[in-house]
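Q: Got a structure for you, questions after.
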Amino acid sequence: MKKMFLSIAFFGLVAAVCAQPVLSFEKKIHDFGDIKEEGGAAVYSFNFTNTGTQPLVIHTVQASCGCTTPDWTRTPIQPGGKGFVKATFDPRNRPNNFNKTITVTSNAKQASEILRITGNVIPKPKTMEDIYPRKMGDAVRLKASHLSFTKIDPSANKTERLELINISDKPVTISFERVPAHLAIRMEPATIQPGATGAIVAEFDATKKKDWGFVNDQVFLVINGTQANENRISVSATIEEDYSKWDATQMANAPVIGFSENTKDFGDIKKGEKVSHTFKVTNSGKSNLILRKVNASCGCTATQPDKNVIAPNETANITVTFNSAGRNGRQNQSITVLSNDPKKSSMILRITSNVVE
């Protein structure tokens, strides 16, 4: 009799364990194929049946990216009942192939299921406004309002182009004002016919700039003899020595920059208070370390190295003074140190504080 009761209890336990909901999808992968970027959202419902013996409850549905918005059956699904998990994919600004997952968590026997949507977004045709987004006056549109020379050696010249289009019904001529001495700038062609394209061609002479690190200038455009303050482009470059051609001997004999610390937290300071800290700069290399430039992130931070040439095994000081006048709350400032260390020609020092009333 005892054995019979144990058998009944065992089989009852097995039955309870087996009495679970089962989430059975018709399919777990859907390929949208080609969809147009401008065609609006693509939607697909993954249909399923609860093939178990207990009610099914979907707890969460989570997509792998914000471009996919899921929806699902929120109410319990009885045994034999049907439900859905809907995936909505937004193709805007997402050209080319995509492969996204949706994780479904439920009280089913298998608690987590992975669904997948794939496809290819055909980019929308670009309009003139897309290609030339920066409008100047009523006559021209430019691809950008910024002409970047990226990195340039201090002994080098470099040429860059910025394309534009004449959107008016008359020929356009463009000249330039407030051009710094290190820039030579011209139009190609000199006159742009209606509907035609041209280019601003600029040559940056770093030997005339006589500066280091990131530099930026503003150049004003005179369009058909008319100048407006908003008709300007910025021209930037990062002036750095090119060490890529140095051999092993040159690198071994180079200066090596180091700092006593890279950050200083002044903690809480009163509004209007000035605080200072000295960063020690060392040269552990085999030739003179030259501090090319020490540049603060804002006018509230003053920096002054006590010497710009540091011999091997010597130390110099960079004193940083932060003026908290007109400031409130947490402050984060940076100081960029440019040197002739070929491996660390640009280093960042940081100061932080909390300005309180």
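The values are calculated or read from the model by the stated rules, or taken from the named source; none is laboratory data. From a predicted model like this one, the values you see are computed outputs, not experimental measurements. Using ideal geometry, Cβ is built from the backbone for each residue, glycine included, and neighbour counts are taken over all protein chains shown.
Q: Taking the options 274, 286, name whichever one is in the same structural domain as residue 331 (by TED's automatic domain parsing), over 29 Å from the mean Cα position of the chain (by Cα) and modelled with pLDDT of 95 or more.
A: Working: 274 fails: modelled with pLDDT of 95 or more.
From the options 274, 286, the qualifying one is 286.
Q: For region 168-211, enumerate the residues that are touching a Phe, Trp or Tyr at 6+ places or on another chain (Cβ under 8 Å) and assigned to a loop (DSSP other than H, G, I, E, B).
A: 178, 182, listed by residue number.
Q: Further, regarding this structure: For residues that are touching a helix residue (DSSP H, G or I) at 6+ places or on another chain (Cβ under 7 Å) and either within 18 Å of residue 25 (Cα to Cα) or charged (D, E, K, R) (or both), tally how many sit in region 63-112.
A: 1
Q: Return the residues of region 331-357 that are more than 23 Å from residue 257 (Cβ to Cβ) and surrounded by 17 or more Cβ atoms within 10 Å (Cβ to Cβ); say none if nothing qualifies.
A: Residues satisfying the conditions are 331, 353, 355.
Q: What residue, among those in region 152-178 that are under 30 Å from residue 243 (Cα atoms) and β-branched (Val, Ile, Thr), is surrounded by the most Cβ atoms within 10 Å (Cβ to Cβ)?
A: Ranking the candidates gives 152 first.
Q: Let me ask you something else. Among the residues of region 121-134, is any modelled with pLDDT under 95, exposed (fewer than 13 other Cβ atoms within 10 Å of the Cβ) and closer than 30 Å to residue 241 by Cβ?
A: no
Q: May I ask you to list the residues in region 236-288 that are farther than 30 Å from residue 207 by Cβ and charged (D, E, K, R)?
A: Across region 236-288, the qualifying residues are 261, 264, 265, 268, 270, 271, 273, 274, 280.
Q: From 25, 48, grab the single residue that is under 30 Å from residue 98 (Cβ atoms), in contact with a Ser or Thr (Cβ under 7 Å, 6 or more places away or on another chain), at pLDDT 95 or above and surrounded by 14 or more Cβ atoms within 10 Å (Cβ to Cβ). Working first, answer last.
A: On the way: 25 fails: in contact with a Ser or Thr (Cβ under 7 Å, 6 or more places away or on another chain).
The conditions single out 48.
Q: Quick one: is residue 220 more than 27 Å from residue 137 (Cβ to Cβ), of a type in the set (Phe, Trp, Tyr) and part of a strand (DSSP E or B)?
A: Details: more than 27 Å from residue 137 (Cβ to Cβ): no; of a type in the set (Phe, Trp, Tyr): yes; part of a strand (DSSP E or B): yes.
The answer is no for residue 220.
Q: Determine if region 311-330 includes at least one residue that is surrounded by fewer than 17 Cβ atoms within 10 Å (Cβ to Cβ) and either under 17 Å from residue 213 (Cα atoms) or in contact (Cβ under 8 Å) with a residue 60 or more places away in the chain (or both).
A: no
Q: Pick out, from region 63-111, the strands (runs of 3 or more DSSP E) lying fully within it that include 1 or more residues that are among the small types (Gly, Ala, Ser), touching a Pro at 6+ places or on another chain (Cβ under 8 Å) and assigned by TED's automatic domain parsing to the domain that holds residue 31.
A: Answer list for region 63-111: 82-89, 96-106.
Q: Tell me, please, whether a residue that is modelled with pLDDT under 95, in a loop (DSSP other than H, G, I, E, B) and hydroxyl-bearing (Ser, Thr, Tyr) can be found in region 294-313.
A: Checked against the condition, which is being modelled with pLDDT under 95, in a loop (DSSP other than H, G, I, E, B) and hydroxyl-bearing (Ser, Thr, Tyr), region 294-313 yields at least one hit.
Q: Also: Can you confirm whether residue 237 is modelled with pLDDT of 95 or more, touching a helix residue (DSSP H, G or I) at 6+ places or on another chain (Cβ under 9 Å) and outside any loop (DSSP other than H, G, I, E, B)? So that I can check it myself, show each step before the final result.
A: Details: modelled with pLDDT of 95 or more: yes; touching a helix residue (DSSP H, G or I) at 6+ places or on another chain (Cβ under 9 Å): yes; outside any loop (DSSP other than H, G, I, E, B): yes.
So residue 237 passes the test.
Q: Could I ask something else about it? Does residue 255 satisfy the criteria of being at pLDDT 95 or above, closer than 30 Å to residue 132 by Cβ and either in contact with a strand residue (DSSP E or B) (Cβ under 8 Å, 6 or more places away or on another chain) or assigned to a strand (DSSP E or B) (or both)?
A: no
Q: Okay, moving on. Just to check your reading of the model, which residue among 167, 174, 192 is over 30 Å from residue 345 (Cβ atoms), in contact with a helix residue (DSSP H, G or I) (Cβ under 9 Å, 6 or more places away or on another chain), hydrophobic (A, V, I, L, M, F, W, C) and modelled with pLDDT of 95 or more?
A: Just one listed residue meets the conditions, 167.
Q: Is it the case, given these coordinates, that residue 149 is assigned by TED's automatic domain parsing to the domain that holds residue 199, among the aromatic types (Phe, Trp, Tyr) and surrounded by 15 or more Cβ atoms within 10 Å (Cβ to Cβ)?
A: Here the answer is yes, as residue 149 does meet what is asked.
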